[in-house]
Structure formats: structure tokens, C-alpha cells
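The values are calculated or read from the model by the stated rules, or taken from the named source; none is laboratory data. Just so you know, these numbers come straight off a predicted model, no measurement behind them. Cβ placement follows ideal geometry from the backbone for every residue including glycine, while neighbour counts extend to all protein chains displayed.
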Amino acid sequence: MTGMDANVITMLFIGLVVVATLLQLWLTRRQIQYVQRHRATVPSAFSSRISLEAHQKAADYTIARQNFSVVHTILSIAMLFGWTLLGGLESLNLLLQPYGITLGGIGYQIAFIFIFSLIGGVIELPLDWYSHFRIEQRFGFNRMSLGIWLADLIKNLFVSSLIGLPLIALVLWLMGTAGATWWLWAWAAWVIFNLLLMVIYPIWIAPLFNQFEPLADDTLKERVQALMQRCGFAAEGLFVMDGSKRSAESNAYFTGLGKAKRVVFYDTLLERLSHDELEAVLAHELGHFHHRHLRKSLISIFALTLVGFAALGWLSMQPVFFVGLGVTPNAALPNDALAILLFLLVIPTLSPLIEPLWSAASRRHEFQADAYAKQQASAPALVQALVKLTEDNAVTLTPDPIYVRFHYSHPPIVERITALQN
């Protein structure tokens, strides 16, 4: 019976992977073909604003990124089957089992997860390098040197280990000591951890990667402060980030939580947009604050992860979950790390069910933020800013409508401008 149940798990897993992969490849193919088909002509709504050269650059960049995503998808599937049904996790577990007594239950499991993550990161390195130094470089976006790229890798490993390993240790400890409801306590710890991270990230972590200087333009500062006061928004400060050190792309964002909130402008954005346009872009971001989008998103994420932790709590007690995915449960050592890794490997196969709903909600939030910006600032200035950002970031004007419904967190610019002008 156990073998039969394990076979069902195996077939269900393979089925989910095949469906998710075929769907992703089909959507990617649609996006490439749609963009290629409209490459020769700038849409009439943008013919006086965006040159044919810029439009074709955006099309070529989109196609290059999509072709690259196919390679990444294939590698991800190979890694997924390699870790599971082809015995990767099983082999790593057998390799580490002799050290289980020396390291202890928690130590052995932390080492297991750390080595698993390290191997995965090393496998992904060539793709990350190619993305930055071939694709982004080819289209004029990458400004990172190899030294900065390597330094970022080391910093990311350090920060991830410093922050992630204690959290993992806490979750593993709860799994081993908190009884059948461990997943509820682990979820609560995860929520607290993420809220705390939102507070400390802009103060302690972000400065490890970028320089943040107070906004020096007094005229712009006064306009921004007046806008925030009208909108009832308080921030710790206005900062300019040296985004140009790594990329030519432009952006502005809020970061932090509570009194630690900050407004951050990329230096490239300040170079490109007028004061009217910057005010309109910031008004859009304040629209998210006004409509409590961050709070709603956090509640949704926390609710979804609660379901995930509950599912992990149940699956971790089912031997067929391990066997069906190619792993033999430990007899003398804890299986909690194995359960976590298998769960994290499997859960992305469910993304086709979740991502369209999440993307639709995000696009709806963007429309609401645009409508708010239209009330608080200049709608024509926001339109012009969107056009400039679309051109500067080589965002295609002609995405495939079905691909948009699955993957776009922001509405296509044509839809945003139409809404702003009505």
C-alpha cells in the first residue's frame, strides 16, 4: 500500500511539473511571437513619443529575455528532477548522515539546508553572469564590473547566512519540540521575522550594496514634502541611491515600515525626469500607501504562507511524501530539513494556479495608484514619465495579452495611459 501511495505521489508530481513547464513554455512562445510580429511598427498612440529604434530595442530586449527564460526554465526542471526523483537529495543526505551524531540533529539539518542552497546557487551562477554581462550589457543596461558582481555575491551569501540560518534553526527547533502545532508557531516566527526585516533592511542591509545620500535638490525636496503632507504620509527621509553603479534602469520606491519608511530615488531617475514628472511618479507610490496596498499584500502573503506551513506540517508526517519524491526518510536522524527542502522544491509547480490571481490583484492596485496620482499631481506629467521610463527600461509596448494576464504585475503602458487620459 505504501509503495502504491508513493507511486501516486510520484505521478502527481511529474504531472504537475509537466503541466507547469508546458504552460510556461507556451506563454513564453506566445510572448516572443507577439512581440516579434509587432516589432516593425510603433503603436499609433506612441508614434510621436517613442522612436522606431527605441521600440525595436525594447522588442529585441524582451525577446532576448524570453529566450533566456526558456534556458532558465529547462535548467530549473533539470535541477528539480535531479534533486528529487534522480536522487540528488538522497545522495546528499547519505553523504551527511555520518556527521549527524557529531553535529547533532539541528546542526546536521542546518548543514543540509546550507549545502543544498550553496550547490543551487553555484549552479545558477553562470546564468546570473550571462544575464548581466551578456544580455544586460548588450542592451546598454549593465554598469556593473566583474568585481562589483563578485562582491555582491559574497555580501549576499554573508547576509543570507547571517539572517537566514538563525531563522531556519528556529523553525527546525520548533518542528522538533513544539508538537503537532509546530507549524503555527513557525508561521508566527516567520511573520515576525519578515516584519522586523522590513524595518532593518533600509537601515542596515541596503547600505551594504548601495550608497544612499539625502536628496540635495531643495526645490524638489520642498515639492515632495508638500505632496507627502497633502497625502498624510510621513517618512524618515528622502534619499538618492546610486543605482547607476549597477544599471542604467530607473526607479523610485518606498522602503521600510512604520517610522523607518524612506523615499528612495534612483540617481538615474533624477537625471531623466522633470520635477513635475518626479512628483507624479511619487504620487503614484503614495497611491499605494493611500489604498493600503502594502498592508493588503502582506495580509495575503501571510495568509498564503499560513496555508503553506499547515500543508508542510501535514506532509512532513507522511512517509509517502518523502518516498514518492525519491528520498528515503532517516531512521535515526530528524527528517524535518528533508521535508522543508522537498516542500520548497515542489511548491513552485503550483504557481500556474496562484500567479494569475496575484498578478491581476497587483495590476488592479497599479490602476488605483495611477488614479490617485491623477488627483494629487499632474496626469499629463505621469503619462510623460511613464513613456520615458518605458523607453529607458526597454519595456515592450506590445506584450501578448495572455502572457500579461499570467505574468505582468503592472498593466501594459497602453492600458495605463488610456486610463489616465479618461
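Consider I115 against the criteria (1) more than 30 Å from R295 (Cβ to Cβ); (2) within 24 Å of the chain's Cα centre (by Cα); (3) at pLDDT below 95; (4) surrounded by fewer than 15 Cβ atoms within 10 Å (Cβ to Cβ): it satisfies all of them except one. Which criterion is unmet?
The single condition I115 does not satisfy is (3).
For residues in the stretch 23-49 being small (G, A, S) and outside any loop (DSSP other than H, G, I, E, B), which is surrounded by the most Cβ atoms within 10 Å (Cβ to Cβ)?
A45
State whether the residues of the stretch 181-199 include one that is over 26 Å from the mean Cα position of the chain (by Cα) and in a helix (DSSP H, G or I).
So far as the stretch 181-199 goes, yes, one or more of its residues are over 26 Å from the mean Cα position of the chain (by Cα) and in a helix (DSSP H, G or I).
Condition check ((1) in contact with a Leu (Cβ under 9 Å, 6 or more places away or on another chain); (2) of a type in the set (S, T, Y)) across all residues:
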position: T41; (1), (2): yes, yes
position: S51; (1), (2): no, yes
position: N67; (1), (2): no, no
position: L75; (1), (2): yes, no
position: W83; (1), (2): yes, no
position: L89; (1), (2): yes, no
position: T102; (1), (2): no, yes
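When you go through H284, H293 one by one, which is the residue that is farther than 18 Å from A381 by Cα, within 26 Å of the chain's Cα centre (by Cα) and not charged (D, E, K, R)?
Result of the check over H284, H293: H293.
Tally time: how many residues in the stretch 118-150 are within 21 Å of the chain's Cα centre (by Cα), small (G, A, S) and farther than 30 Å from Q56 by Cα?
Selection size over the stretch 118-150: 2.
Within the stretch 203-294, which strands (runs of 3 or more DSSP E) (wholly inside it) include 2 or more residues that are under 21 Å from H410 (Cα atoms)? Spell out the reasoning first.
Values: elements: 212-214, 237-241, 252-255, 262-266.
Of the strands (runs of 3 or more DSSP E) lying wholly inside the stretch 203-294, those with at least 2 residues that are under 21 Å from H410 (Cα atoms) span 252-255, 262-266.
Which condition number in (1) surrounded by fewer than 19 Cβ atoms within 10 Å (Cβ to Cβ); (2) under 25 Å from M144 (Cβ atoms) is the one that Q229 fails?
All conditions are met except number (2).
Looking at the stretch 91-103, is at least one residue within 29 Å of the chain's Cα centre (by Cα), of a type in the set (G, A, S) and assigned to a helix (DSSP H, G or I)?
no
Which residues, taken from the stretch 217-250, are hydroxyl-bearing (S, T, Y) and closer than 28 Å to E136 by Cβ?
Filtering the stretch 217-250 down to residues hydroxyl-bearing (S, T, Y) leaves 219, 244, 247, 250.
Residues satisfying the conditions are S244, S247, S250.
Condition first: over 30 Å from F343 (Cα atoms), of a type in the set (G, A, S) and either touching a Gly at 6+ places or on another chain (Cβ under 9 Å) or surrounded by fewer than 18 Cβ atoms within 10 Å (Cβ to Cβ) (or both). Now tell me which residues in the stretch 267-318 satisfy that.
Across the stretch 267-318, the qualifying residue is only S274.
Which of the residues that make up the stretch 373-400 are surrounded by 20 or more Cβ atoms within 10 Å (Cβ to Cβ), among the hydroxyl-bearing types (S, T, Y) and either free of Cβ contacts under 8 Å to residues at least 40 places away in the same chain or under 29 Å from C231 (Cα atoms) (or both)?
T390
I need every pair where a residue in the stretch 152-164 that is more than 18 Å from F193 (Cα to Cα) has its Cβ under 8 Å from the Cβ of a residue that is not in a helix (DSSP H, G or I), sequence separation at least 6 or different chains.
D152/M144; D152/F209; K155/F209
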